[in-house]
Amino acid sequence: MSYLPAPTPRPHWRHFALNIVSPAILTFVLFFGLIFAVILPTMRKNIVERKKEMIRELTQAAWSELASLHAQEQRGALTREAAQQAAVARIQAMRYGDEGKDYFWISDQAPRMIMHPYRPDLNGQDLTGYSDPAGKKLFVEFTQVVRAQGDGYVDYLWQWKDDEKRVVPKLSYVKGFPPWGWIVGTGIYLEDVRAEISQMIQRVLQVSLGFSVIVATLLAYIARQGHRLERDRWQAETALRQSEEKYRLLVESASEGVLLVLQDRPVYANRTLLGRLGYTEQELTELTLEALVETVPTGSASEKRARLRAKNGEAADVLLAITPVTIGEKPGQMWSIKDASARRKTEETLARLLADLQSMLPLATRSLKNSSVTLLTCALDTPIHQAAAAMARAKTSAILVQGPSGEPIGIVTDHDLRNRVLAAAKNPAQPVSAIMTAPLVRIADRALLFEAARVMQEQHVQHLVVTDEQGATRGVLTGTEILHAQRHAIGALLGEIQEAKTPEELKDCRSKLPVFIKALLESGARVESITRIMTTVSDAILGRLIALAEAELGPPPARYAFVALGSEAREEQTLATDQDNAIIFADVPPERSEAVQAYFLQLGEKVCGWLDLIGYRRCRGEVMACNRKWCQPLARWREYFAECVTAARPQDLLDVNVFFDFRCAHGESDHVARLREHLHGLLEGEGKNTFFFHLAQSTLQFRPPRGFFGNIQLEAAGEHAAAFNIKAAIIPLVNFARIYALQNRLPETNTLERLHRLRDRELLLPSSHDELVQAYTALMQMRLTHQAAQWHRGVPPDNHLDLEELTQLERSVLKKVFADITVFQARMQTDFARTA
């Protein structure tokens, strides 16, 4: 065999230009395009919005002065005339801005000027005919805006502060003061805004230019290195061709099939393998690995099974021994291929689920806060054609209809326009109230996207009204936004649950959940997202079981709520969980009470039994809907809570702590809302101090597993003697959030959401909030990871962590968390000792 001399390396300039120079130029184009097309317009908009918000807040402050004096008038401390004179004096003296020359004015709705600090000649004058140099009757427009909506913005021309000779554009915010019929306002000069924007553009351009110089220098260096690498590449390929000839001599006479793989492509096969496959050497080098083997193996140590595909299409089971090699500085593999008499079937179902999860993970943890919503509204009496025109202009498929209070009460969609207007030949001049859909289906913006998909599927709607934490409407989420959610693994699993016909099918659905949880943990998903996914699946299974039970028992004799308690209510379920549930049904006449309760006890027995079959263990304390004590009418539940609040000893509250975390999992949420309202009312009564003292004392009996010297305390005896109970470590954090949430009448049940609300209401310092959240998240992360690992090993998940499984860093984190919990429990003990 002879070796040809290596050819003279010649760089491929076309290849170099396409791979180095073109991306560099494109980077500059995209960079400056992003600045001028996106960043600068966005910054301009933000500056204007910030200025508008500023004058709105300033006007509100001036308006508050009027309200304060009006309150004195109502109390009789001042006459109206005295109050108004004091108001004029205060507003006239108010100034703001860098030069202290920005001001407020007052007019009435005649319109007549009450007070203008820089135009005293207008005071007391009728301003009906007053207009700016452009002919706009600005004071008339002020009055119209206030009468129409109470406040708003108006743009016009006006003198520059105290300079009567200079007239410039101005944007003002006005707000009406109905008790006196006044209008108070202030404004910003657009000249100031333009100047600020110009300075901002200049700074951005200066920074961009400096950045461009640096990037250009780096790109020049990269281009130089790229030229050298192009030359080296040719030299390496020459050496590689020579190496291939050497390896060919070593393997040509082998009795086993030998395949050389470089950069995931077959480059050489010995005669034995070529004869088995039926390919020529040239044909083989033109194939991909996927064309040769059905499952491309990875790794290098042990033999792996695969199916080898011949040219005639026949496939044979083989064993592959893979050895890593390096040829011409290029990594590769040497495959030794043997015949195999048998091949195990792969776990196709698991592989498919894991593949689905790769595309599902970003979706599963995506909050509606990060999704696109549209807010378009109209009044009840808006003509249909005007509402349709507004939808067309906004390029949206829905418009919300506001009631007299301004709160949305209905919705009109493209579907309504087609079916209720066009198809019914309805007069488009009629009001939208004639065709709107009500009531609205709402969802909180903390929900995940796949949860919204589930609500749409259950409610048979294509639009959801998204609300923020305070219940205010943020906008409308359309079905288009979440259509793809139903194609992903979690969405598919929820779809399977909805279509299940038997509890056994639901058991199969639930058995897939640990696969998802393990993948989510490995992908770095947030703990709260994982537990909410588990809760959503549990709720879906519960809802389907209730539907199956009702199909057997017949329709329920009264409205009811199937209530989740404990961790299910807090949306904090793990892989090791049991049942905590109850039934609240509507109050019925005494003569029907026994029969109604008998029905719901049968319903509870079926559902709880099926839940146990599926994998949700029965509660050891029998806190379940199949227990007569926890299957009661609303009136009896009110009595239960009254008894809890008046409990005589802390021990009386130990076993009922779980009932203070309750959530409607299925049915009439109004029952749960009324019961929560009743509880909050009880907590405002005379016995609240004793209740909170006893509740604190009962919850303080749950201590973190921390020894005398700060070490981690293990179980005293039993099969888990070398482990500690991580659930016991989390309970004090849950109790802390619960007791302060109850004290402040917060409706949230989730521990993290309770902590967030306590911080937002300034009942918890931000630093304390962060420490508690970090402690809870760290413990739950360890708990879920431990349970997922147990499931992977085929061991039933539990809450007992072996210290030998933890790294030194994890042990240090636990000690720090346990020390923090002790500090917060001491605070709770101090706070509620004062209530005794």
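The values are calculated or read from the model by the stated rules, or taken from the named source; none is laboratory data. All values derive from a computational prediction rather than experimental measurement. Here Cβ is always computed from backbone atoms with ideal geometry, including for glycine, and neighbour counts include all displayed protein chains. All accessible areas refer to the heavy atoms of the entire protein, side chains included, with ligands and DNA or RNA removed. Shrake-Rupley method; radii C 1.70, N 1.55, O 1.52, S 1.80 Å.
Give the residues of the range 74-86 that are open to solvent by less than 60 Å² (accessible area, probe 1.4 Å) and touching a residue at least 40 places away in the same chain (Cβ under 8 Å), sorted by residue number.
84 - this is the single residue of the range 74-86 that is open to solvent by less than 60 Å² (accessible area, probe 1.4 Å) and touching a residue at least 40 places away in the same chain (Cβ under 8 Å).
Checking the conditions here, which among 551, 564, 540 is closer than 23 Å to residue 491 by Cα, part of a helix (DSSP H, G or I) and either open to solvent by 20 Å² or more (accessible area, probe 1.4 Å) or not acidic (Asp, Glu) (or both)? If you could, list the steps in order and put the result at the bottom.
Numbers: 551 fails: closer than 23 Å to residue 491 by Cα; 564 fails: part of a helix (DSSP H, G or I).
Among 551, 564, 540, only 540 is closer than 23 Å to residue 491 by Cα, part of a helix (DSSP H, G or I) and either open to solvent by 20 Å² or more (accessible area, probe 1.4 Å) or not acidic (Asp, Glu) (or both).
Just checking, how many residues over the range 742-767 are open to solvent by less than 20 Å² (accessible area, probe 1.4 Å) and part of a helix (DSSP H, G or I)?
Here the count works out to 6.
Which condition number in (1) more than 20 Å from residue 502 (Cα to Cα); (2) in contact (Cβ under 8 Å) with a residue 12 or more places away in the chain; (3) open to solvent by 20 Å² or more (accessible area, probe 1.4 Å); (4) assigned to a helix (DSSP H, G or I) is the one that residue 621 fails?
(4)
For residue 198, state whether it is without any contact (Cβ under 8 Å) to a residue 24 or more places away in the chain and farther than 20 Å from residue 123 by Cα. Steps first, answer last, please.
Values: without any contact (Cβ under 8 Å) to a residue 24 or more places away in the chain: yes; farther than 20 Å from residue 123 by Cα: yes.
Spelling it out, residue 198 is indeed without any contact (Cβ under 8 Å) to a residue 24 or more places away in the chain and farther than 20 Å from residue 123 by Cα.
Given the conditions (1) open to solvent by less than 60 Å² (accessible area, probe 1.4 Å); (2) touching a residue at least 24 places away in the same chain (Cβ under 8 Å); (3) of a type in the set (A, V, I, L, M); (4) in contact with a strand residue (DSSP E or B) (Cβ under 9 Å, 6 or more places away or on another chain), which single one is not true for residue 35?
(4) is the only condition that residue 35 fails.
I'm told residue 102 meets every condition in (1) of a type outside the set (Gly, Ala, Ser); (2) farther than 18 Å from residue 177 by Cβ; (3) more than 50 Å from the chain's Cα centre (by Cα) except one. Can you identify the failing condition by its number?
For residue 102, the failing item is (3).
Does residue 47 satisfy being open to solvent by less than 60 Å² (accessible area, probe 1.4 Å), farther than 23 Å from residue 104 by Cα and among the aliphatic types (A, V, I, L, M)? Reasoning before the result, please.
Numbers: open to solvent by less than 60 Å² (accessible area, probe 1.4 Å): yes; farther than 23 Å from residue 104 by Cα: no; among the aliphatic types (A, V, I, L, M): yes.
Taking the combined requirement at face value, the residue does not satisfy it.
Residue 381 fails exactly one of the following numbered conditions: (1) over 21 Å from residue 470 (Cβ atoms); (2) surrounded by 15 or more Cβ atoms within 10 Å (Cβ to Cβ); (3) in contact with a strand residue (DSSP E or B) (Cβ under 7 Å, 6 or more places away or on another chain). What is the number of that condition?
With respect to (1) over 21 Å from residue 470 (Cβ atoms); (2) surrounded by 15 or more Cβ atoms within 10 Å (Cβ to Cβ); (3) in contact with a strand residue (DSSP E or B) (Cβ under 7 Å, 6 or more places away or on another chain), residue 381 is out only on (2).
With the requirement that a residue be open to solvent by 10 Å² or more (accessible area, probe 1.4 Å), part of a helix (DSSP H, G or I) and either touching a residue at least 12 places away in the same chain (Cβ under 8 Å) or not acidic (Asp, Glu) (or both), what does the range 486-503 give you? Show your work before the answer.
Start the filter on the range 486-503 by keeping residues that are open to solvent by 10 Å² or more (accessible area, probe 1.4 Å), which leaves 486-488, 491-492, 495-496, 498-499, 501-503.
From the residues that got through so far, the ones that are part of a helix (DSSP H, G or I) too are 486-487, 491-492, 495-496, 498-499, 503.
486, 487, 491, 492, 495, 496, 498, 503, listed by residue number.
For the range 707-733, name all the residues that are over 34 Å from the mean Cα position of the chain (by Cα) and either within 15 Å of residue 818 (Cβ to Cβ) or modelled with pLDDT of 80 or more (or both).
Filtering the range 707-733 for residues over 34 Å from the mean Cα position of the chain (by Cα) gives 707-723.
Matches in the range 707-733: 707, 708, 709, 710, 711, 712, 713, 714, 723.
If I ask for residues that are within 15 Å of the chain's Cα centre (by Cα) and either surrounded by 16 or more Cβ atoms within 10 Å (Cβ to Cβ) or assigned to a helix (DSSP H, G or I) (or both), which ones from the range 457-474 would you list? Show your work before the answer.
Of the range 457-474, the ones within 15 Å of the chain's Cα centre (by Cα) are 466-469, 474.
Listed by number, the residues that qualify are 466, 467, 474.
Does at least one position in the range 524-533 carry a residue that is within 24 Å of residue 605 (Cβ to Cβ), buried (at least 20 other Cβ atoms within 10 Å of the Cβ), at pLDDT 85 or above and in contact with an Asp or Glu (Cβ under 8 Å, 6 or more places away or on another chain)? Steps first, please.
Within the range 524-533, the subset within 24 Å of residue 605 (Cβ to Cβ) is none.
No; the residues of the range 524-533 include none that is within 24 Å of residue 605 (Cβ to Cβ), buried (at least 20 other Cβ atoms within 10 Å of the Cβ), at pLDDT 85 or above and in contact with an Asp or Glu (Cβ under 8 Å, 6 or more places away or on another chain).
Hey, among 774, 808, 787, which residue is surrounded by 22 or more Cβ atoms within 10 Å (Cβ to Cβ) and either under 16 Å from residue 725 (Cα atoms) or polar (S, T, N, Q) (or both)?
Details: 774 fails: surrounded by 22 or more Cβ atoms within 10 Å (Cβ to Cβ); 808 fails: surrounded by 22 or more Cβ atoms within 10 Å (Cβ to Cβ).
Checking each option against the conditions leaves just 787.
Consider residue 454 carefully, then state whether it is under 30 Å from residue 750 (Cβ atoms), among the charged types (D, E, K, R) and surrounded by 21 or more Cβ atoms within 10 Å (Cβ to Cβ). Spell out how you get there, then give the answer.
Numbers: under 30 Å from residue 750 (Cβ atoms): yes; among the charged types (D, E, K, R): yes; surrounded by 21 or more Cβ atoms within 10 Å (Cβ to Cβ): yes.
Yes: the conditions hold for residue 454.
Which members of the range 342-378 meet the condition of being among the polar types (S, T, N, Q), surrounded by 14 or more Cβ atoms within 10 Å (Cβ to Cβ) and either in contact with a Pro (Cβ under 9 Å, 6 or more places away or on another chain) or modelled with pLDDT under 50 (or both)?
From the range 342-378, those among the polar types (S, T, N, Q) are 346, 349, 358-359, 365, 367, 370-372, 374, 377; that's our starting set.
If we keep only those that are surrounded by 14 or more Cβ atoms within 10 Å (Cβ to Cβ) as well, we get 365, 367, 371, 374, 377.
Listed by number, the list holds a single entry, 377.
Restricting the range 114-155 to residues that are within 43 Å of the chain's Cα centre (by Cα) and small (Gly, Ala, Ser), which is least open to solvent (accessible area, probe 1.4 Å)?
152
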